[in-house]
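These notes concern the structure reproduced below.
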Amino acid sequence: MSENKTTMSHKEKVAAEREERLRKQLRENLQRRKAQSRARKSVDKEG
C-alpha cells in the first residue's frame, strides 16, 4: 500500500477533465439562457 493518494489514475484524470468540461458548458448555457430571458423581458416592456 505504498500508492500515493494524491496521484490520480488515468481514469480519474479523464473523469475529472470531463466533469470540468461539463461544468463549463453548463455555466455557458446558463449565461446564454439568462441573456435570452433579459432580451425577451426588454422586448415585452417596449411593446
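Computed from the coordinates by the stated procedures, all read-outs in this text should not be read as laboratory data. No experiment lies behind these values; they were computed from the predicted model shown. Reconstructed Cβ throughout: ideal geometry from the backbone, glycine too, with neighbour counts over all protein chains shown.
Details
- Compared with the dominant Cα axis of the chain, that is its longest principal axis, helix 10-46 is turned about 10°.
- For the chain, lysine pairs separated by 8 or more sequence positions, or belonging to different chains, with Cα-Cα distances below 18 Å total 4.
- Cα shape, the chain, gyration tensor, a/c 1.5 rule: prolate
- Separation of the Lys45 and Ala16 label points, Cα + 7 Å toward Cβ, nm: 4.4
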